[in-house]
Amino acid sequence: MNEEKMITLTTPEGEQVEFYVLEETRISGMNYLLVTDSAEEDEEGECYILKDRSRPEEEEAVYEFVEDDDEIDYLFKIFTELMEDMDVDLRK
């Protein structure tokens, strides 16, 4: 990854989990992030799609994992197109 961007999510149990942002996009007024749990380019990691559920008045972003299969399929296609020039192999 060229320019590493990280986000830290806090689980409902208070555990902090770090993810590396691969790509971000805005669709129909909603922000989405494609993140991975692996920092190494040659290492396989799990990818997740996060949806920004923040309200404008909130200081910190509130993300949730996208779990709807149709939404995941649609977003996967978009992120695959956005990242076609990068050295990242996305597999579903």
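The values are calculated or read from the model by the stated rules, or taken from the named source; none is laboratory data. It should be emphasised that the depicted structure is a prediction, and the values quoted were computed from it without experimental measurement. Cβ sites come from the backbone with ideal geometry, for glycine too, and all protein chains shown count toward neighbours. Quick note on the areas: whole protein, heavy atoms, side chains included, nothing else; ligands and nucleic acids left out. Shrake-Rupley method; radii C 1.70, N 1.55, O 1.52, S 1.80 Å.
Here are some notes:
- Filter result for residue 84 (open to solvent by 100 Å² or more (accessible area, probe 1.4 Å), in a loop (DSSP other than H, G, I, E, B) and of a type outside the set (Phe, Trp, Tyr)): yes
- Given (1) of a type outside the set (S, T, N, Q); (2) within 15 Å of residue 72 (Cβ to Cβ); (3) open to solvent by less than 50 Å² (accessible area, probe 1.4 Å); (4) under 9 Å from the mean Cα position of the chain (by Cα), number of the condition residue 47 does not satisfy: (3)
- Residue match in region 36-51 (condition: at pLDDT 95 or above, in a strand (DSSP E or B) and not aliphatic (A, V, I, L, M)): yes
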